[in-house]
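The values are calculated or read from the model by the stated rules, or taken from the named source; none is laboratory data. Values in this document were obtained by computation on a predicted structure and should not be read as measured data. Here Cβ is always computed from backbone atoms with ideal geometry, including for glycine, and neighbour counts include all displayed protein chains. Calculation scope for accessible area: heavy atoms of the full protein, side chains included, ligands and nucleic acids excluded. Shrake-Rupley method; radii C 1.70, N 1.55, O 1.52, S 1.80 Å.
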Amino acid sequence: MKKAAFHNLGCKVNAYETESMQQRLEENGYEIVPFTEKADVYIINTCTVTNIADRKSRQMLHRAKKKNPQAIVIAVGCYVQASEEECKKDPAIDIIIGNNKKQDIVEILQEFEKEKTVIDTIIDINHTCEYEDIPVTRIKNHTRAYIKVQDGCNQFCTYCIIPYTRGRVRSRKAESVKEEVIALAKAGFQEIVLTGIHLSSYGIDRKGEETDSLLKLIVELHAVPGIKRIRLGSLEPNIITEGFVRTISCLPKVCPHFHLSLQSGSDSVLKRMNRHYQSKDYENGCKILRAYYQNPAITTDIIVGFPGETEDEFKETIDFAKKIAFFEIHVFKYSKRKGTRAAAMAGQLLEGIKAGRSQRLLAVEEKLSREYRQGFIGKKVEILIEETTEIGGVLYQVGHTCEYIRVAIQTAEDLSGRIIVAELAGFLPEDQTVLYAVFTEASV
């Protein structure tokens with residue numbers, strides 16, 4: 001039996017697509033082994049969101065060929081799509097598979113084994129309307145399932161290369177999504193996470209069809225028996241309207257956890273980024289969420305050190321983060337990406353300035369996050385137990401609340417994969433980012 005090893009770089013969409021490719025190879029007789037082991041085939045699902053991601057992609061491709069020079073090394077995904085000519089010249093790479101061609105990995109591999117010549121399957125991703133439907137019917141070692149429902153982006157933020165590597169918005173048919181969710185529910189999954197490259201755009205390419213919006217899709221999936229939680233991936237602030245929130249707030253399976261991408265709290269920086277909202281719009285969306293949900297978890301992404309960002313503009317971001325009182329902030333130092341408008345902008349900041357601002361914002365994030373978690377101490381919550389793990393030398397069963405607060409519980413009973421009711425008692429002494437719980441009720 002031939003052995004294949006995978007390595008995934010980048011986002012949740014990439015991770016989903018890696019699961020799908022792995023499943024296809026398994027169905028065709030391959031044994032999947034860890035990437036650290038010697039294999040006959042190595043598949044690296046690459047990322048190109050930053051120059052650093054490009055470098056990591058190249059490193060993993062070269063590491064695979066070094067591990068077994070006789071192996072077939074396959075470069076897949078966004079780095080390949082953005083750097084086709086460079087990949088063709090790289091002696092470590094045998095097969096190049098662009099986006100929208102991952103479903104054909106088995107056939108492409110079989111063709112290479114016959115022809116023994118470098119295979120290039122890059123298509124013009126910017127001129128396709130086809131959604132690549134690569135469903136996953138089984139997921140190993142997880143209690144929540146990520147479901148890819150959308151690909152591509154039409155936003156063209158000045159710092160982002162993704163519209164050029166993923167193409168325009170393409171939505172998966174609702175029937176296909178529902179079929180996958182039903183299968184996962186039958187396999188025992190209780191929580192699903194809807195993901196996409198630009199999730200908020202789901203359906204805009206299929207206007208006029210019966211199911212043509214993210215909201216309608218959520219309503220349909222809510223009716224699937226066995227699914228107890230629906231978590232939404234990253235959303236654009238503009239989707240948070242009164243009508244949207246009013247509807248989902250009546251759907252108890254939808255988790256009160258909303259990741260709204262901000263990027264900057266300064267309107268002048270948002271304009272340079274070509275983001276399609278102002279800070280007041282973002283703030284209004286948060287007010288709507290808090291009007292319909294009691295203490296929802298609001299998380300975000302923020303880029304610090306964008307070209308031309310002044311100290312005053314950065315302070316606007318700090319002040320805005322405090323005003324919104326985020327549960328978590330994912331902080332990114334701006335990284336110049338060749339091929340984007342921002343890379344050619346004046347006012348590129350020194351790394352030291354970006355690093356300093358990152359540390360200052362992370363300090364604010366740590367305080368806000370602790371304050372949010374602290375508000376749940378003494379409350380009974382539902383926790384989906386996901387794994388047994390060691391924290392500070394102590395074994396705990398660990399899971400998340402519907403707000404995505406990480407919780408640890410000590411019990412002799414195996415609760416893995418179950419939703420339990422427990423009271424949150426305080427911060428875990430071994431890890432102050434985790435709350436510990438006291439088991440109070442049987443699983444639900």
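In a solvent-free Debye calculation with one equal scatterer on each Cα, what is log10 I(q)/I(0) for the chain at q = 0.09, 0.14 Å⁻¹, listed in the order of the q values? Each listed q corresponds, in turn, to -0.64, -1.51. Expressed to the nearest 5 percent, the antiparallel share of DSSP beta bridges inside the chain is 40 percent.
Go through K56/K114; K66/K333; K228/K367; K178/K380; K228/K287 and tell me which ones have a Cα-Cα distance over 28 Å in this structure. Long pairs (Cα-Cα over 28 Å): K56/K114; K66/K333; K228/K367; K178/K380. Backbone phi angles across region 190-200, fed through the Karplus curve with coefficients 6.51, -1.76 and 1.60 (θ = phi - 60°), yield HN-Hα couplings of 10, 10, 10, 10, 7, 10, x, 5, 9, 3, 4 Hz in residue order; Gly and Pro are listed as x.
Tell me, what ³J(HN,Hα) does each residue in region 179-185 have, in order and in whole Hz, if you take phi through Karplus 6.51 cos²θ - 1.76 cosθ + 1.60 with θ = phi - 60° and put x for Gly and Pro? For region 179-185, the Karplus curve yields 4, 5, 5, 4, 5, 5, 4 Hz. Amide H contacts for F35 (H built 1.01 Å from N in the peptide plane; partners 5 or more residues away or on another chain; cut-off under 5 Å): F6.
Considering only protein heavy atoms and a probe of 1.4 Å, how much of the accessible area of region 1-141 is carbon and sulfur, as a whole percent? Taking all protein chains in place, region 1-141 shows 48 percent carbon and sulfur surface. Summarising the amide proton neighbourhood of Y42: residues at separation of 5 or more, or on other chains, whose placed amide H is nearer than 5 Å comprise A5, I72, V73, I74.
Segment T36..L251, full-extension length gain: 73.0 nm, with 0.36 nm per residue of separation and the alpha-carbon distance subtracted.
Roughly speaking, what is the centre-to-centre gap between region 1-32 and region 336-408 when only Cα atoms are used, to the nearest Å? Taking the Cα centre of region 336-408 as reference, the centre of region 1-32 is 28 Å away.
Protein heavy-atom accessible surface, 1.4 Å probe, per residue over the chain: 43 Å².
Put simply, the amide H of Q263, placed in the peptide plane, has neighbours under 5 Å in D301, I302, I303, leaving out anything fewer than 5 places away on its chain. With every protein chain in place and a 1.4 angstrom probe, the accessible-area ranking of E191, E130, largest first, reads E130, E191. Counting protein heavy atoms only, region 176-319 has 51 percent of its accessible area on carbon and sulfur, 1.4 angstrom probe. Over the chain, dividing the summed -39,500 (n - 2.57) contributions of all DSSP H runs of at least 4 residues by the number of residues returns a 222 nm mean residue ellipticity of -10000 deg cm²/dmol. For region 352-359, 3J(HN,Hα) computed residue by residue from phi via the Karplus equation (6.51, -1.76, 1.60; θ = phi - 60°) reads x, 5, 4, 5, x, 5, 4, 5 Hz, glycine and proline entered as x.
Figure note: M345, M273 ranked by solvent-accessible area, largest first, 1.4 Å probe, ligands and nucleic acids not counted: M345, M273. Taking all protein chains in place and a 1.4 Å probe, what share, in percent, of the accessible surface of region 398-437 do carbon and sulfur account for? Roughly 45 percent, rounded to a whole number. For the options K315, K148, K173, a Gaussian network treatment of the chain with springs between C-alpha atoms closer than 10 Å singles out K315 as fluctuating the most.
With a Förster radius of 45 Å applied to the beta-carbon distance between E86 and E366, the computed FRET efficiency rounds to 0.70. In this structure, A412 and S176 have a Cβ-Cβ separation that, at R0 = 41 Å, corresponds to a calculated FRET efficiency of about 0.45.
Summarising the label geometry, the points placed 7 Å from Cα in the beta-carbon direction at Y292 and N274 lie 3.1 nm from one another.
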